[in-house]
Amino acid sequence: MTVDVMTRPAVLILLGPPGAGKGTQARMLQEKFGLVQLSTGDLLRAAVKAGTPAGKQAKAVMDAGGLVSDEIVIAILNDRMSEEDCRNGVILDGFPRTTVQAKALDDMLRSTGQRINAAISLRVDDGAMVERISGRSTCAGCGEGYHDTFKPPLADGSCAKCGSTELTRRADDRAETVASRLEAYHAQTAPLIAYYDAAGVLTSVDAMAAIDKVAGDMARVVGSVMS
Ligand code: AMP
């Protein structure tokens, strides 16, 4: 399929270590710009829960804070990208995480006539990530993310968005696992900052600021590359 330049869906990439706020910001951009948030972490967790062959292979690696094989992640992403709702554009949250994945994405987009509008690097201090991650929870009803300190749920513990009282914590958000996840980020994902800089699509934002300030900065970047 060749996509006309005027109707070409946007492809945005969010880069940053675990805890940088990729998921939170992706959800906010999704609402503001009508793009679809595609989180390979969410897709993998769903595969683990459903007990698919890919999920069974991925589980142990995810629990240990390592990276799931490129083959599995690329296949999952490829399937999801070809679904109807992605036609207006996507925000990739947690993909690519390796150079092999970045190259596979380039090939995927080339074959559909699409291009990457922007790769946004969320700049943070590693030291703050453990605190950010260990306070996280997610609403089981609508997927809204919360943090004990920075973005608590309502006083009765329920979700401010959908009212669900079921907030869950990720198994890999324990301090021991976070160290491995940060290590994997620096060894395998951080080199993608230079990759996208060389491709001329890199922008970075200060993601240590408050959530709404970061969201404003991201929205300005996205607004400028969507047209
Ligand atoms: P996330 O929700 O993005 O923090 O991802 C949770 C876990 O899923 C990671 O620690 C990895 O084990 C795995 N994962 C998610 N996305 C990828 C990816 N693009 N490549 C390899 N592993 C991934």
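Across segment 34-56, the residues whose backbone nitrogen lies under 18 Å from the label position 7 Å along the beta-carbon direction of Ser164 are 37-51.
Within segment 88-219, antiparallel bridges make up roughly 55 percent of the DSSP beta bridges whose residues both belong there.
Among the cysteines of the chain, those whose beta-carbon sits 4.7 Å or more from every other cysteine beta-carbon are Cys86. Protection proxy ranking, highest mean first, for peptides 136-144, 193-201: 136-144, 193-201, where packing is the per-residue count of other beta-carbon atoms within 10 Å, averaged. Compared with the direct C-alpha span, the chain from Phe33 to Asp156 gains 41.1 nm at full extension, assuming 0.36 nm per residue. When the pairs Lys103/Lys161; Lys161/Lys213; Lys103/Lys213; Lys32/Lys56; Lys22/Lys161; Lys49/Lys161 are compared against a 30 Å limit on Cα-Cα distance, Lys103/Lys161; Lys103/Lys213; Lys32/Lys56 fall above it. Taking the DSSP bridge list for the chain and keeping only pairs wholly inside it, about 25 percent are antiparallel. Cross-link partners of Lys151 among aspartates and glutamates, defined as those whose alpha carbon lies under 15 angstrom from its own and excluding same-chain residues fewer than eight positions apart: Glu131, Asp212.
Between Lys103 and Ser69, the distance separating the two model label sites (each 7 Å from Cα on the Cα→Cβ line) works out to 1.8 nm.
Remark: the chain carries a charge dipole of roughly 140 debye about the Cα centre, counting +1 on each Lys and Arg Cβ and -1 on each Asp and Glu Cβ.
With Rh defined as the Kirkwood radius, the inverse of the mean 1/r over Cα pairs, the Rg/Rh of segment 46-173 is 0.99.
Its residues counted as N, the chain yields a C-alpha radius of gyration over 2.2 N^0.38 Å of 0.98.
Bear in mind these aren't lab numbers, they're just calculated from the coordinates by the rules spelled out. Model, not experiment: these values are computed from the prediction. Glycine also receives a Cβ, built like all others from the backbone with ideal geometry; neighbour counts cover every protein chain displayed.
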